[in-house]
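J.: Questions regarding the structure given below will be posed in turn.
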Amino acid sequence: MDNTSPQARTEQGQSSQGQAIFSDSSGPLFHMYIKMTEGEDEKMTKRWQKDADGILIFTGLFSAALAALLTVSVQDLKSNPQDTTVFYLANIYQLLADPNISRASILATPVQPPVFFPPKSAVLDNSLWFLSLVISLTSALLATMLQQWAR
């Protein structure tokens, strides 16, 4: 337990409000330093906000262009229903064109269209497009968070 009086604690380097008391003359220097750094900090946050605005504009335009490209290129990953139709029409034509085929053999062997595998180039292209979109949207999110933080 500390039995020293408040006056004795003040004399030892602490005020009664808990603030430090310095006996040197550095107070005006620190006051001038704080004023100078506040101006620099304000300039820096304004630059950050302007940079984030530019990033948001660019990522918005880039994401819109990517979305348009993705809507076109994602079609390469799905089978074309016209190919299935052409396959069945070709089978029907062969059956009608050959009179030697019996009806029993037609019904016994079900014909299935070939299994669709997307081209590797389409898979790679779409993977890169989607990766670009994710990076762009992540950049927009980070720029928005930077703007919120700088305010």
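The values are calculated or read from the model by the stated rules, or taken from the named source; none is laboratory data. On a predicted model such as this, the values are computed, not experimentally measured, just so you know. Glycine also receives a Cβ, built like all others from the backbone with ideal geometry; neighbour counts cover every protein chain displayed. Accessible surface is based on the protein model in full, side chains and every heavy atom, while ligands, DNA and RNA are left aside. Shrake-Rupley method; radii C 1.70, N 1.55, O 1.52, S 1.80 Å.
J.: Identify, please: which residue in region 60-107 is surrounded by 12 or more Cβ atoms within 10 Å (Cβ to Cβ) and outside any helix (DSSP H, G or I) and is, among those, modelled with the highest pLDDT?
T.: Ser79
For (1) farther than 30 Å from Ser127 by Cβ; (2) more than 23 Å from the chain's Cα centre (by Cα), each residue gets a yes or a no:
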| position | (1), (2) |
| --- | --- |
| Tyr33 | yes, yes |
| Thr37 | yes, yes |
| Asp41 | yes, yes |
| Arg47 | yes, no |
| Gly54 | no, no |
| Leu61 | no, no |
| Ala67 | no, no |
| Leu70 | no, no |
| Ser73 | no, no |
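J.: Whether any residue in region 23-37 is modelled with pLDDT of 85 or more, under 25 Å from Met145 (Cβ atoms) and either out of contact with any Asp or Glu (no Cβ under 6 Å at 6 or more places or on another chain) or among the aromatic types (Phe, Trp, Tyr) (or both) is what I want to check.
T.: yes
J.: Can I ask one more? Does Leu56 meet the test of being open to solvent by 60 Å² or more (accessible area, probe 1.4 Å), in contact with a helix residue (DSSP H, G or I) (Cβ under 7 Å, 6 or more places away or on another chain) and modelled with pLDDT of 85 or more?
T.: The answer is no for Leu56.
J.: In region 112-131, what count of residues is obtained for those that are outside any loop (DSSP other than H, G, I, E, B) and of a type outside the set (A, V, I, L, M)?
T.: So the count comes out to 7.
J.: Related question: Please work out if Phe117 is aromatic (Phe, Trp, Tyr) and within 30 Å of Lys46 (Cβ to Cβ).
T.: No: the conditions fail for Phe117.
J.: If you check Ser139 against the conditions, is it within 35 Å of the chain's Cα centre (by Cα), among the hydroxyl-bearing types (Ser, Thr, Tyr) and closer than 30 Å to Lys50 by Cα?
T.: Yes, satisfied.
J.: Given the conditions (1) under 30 Å from Arg47 (Cβ atoms); (2) out of contact with any Lys or Arg (no Cβ under 9 Å at 6 or more places or on another chain), which single one is not true for Ile92?
T.: (1)
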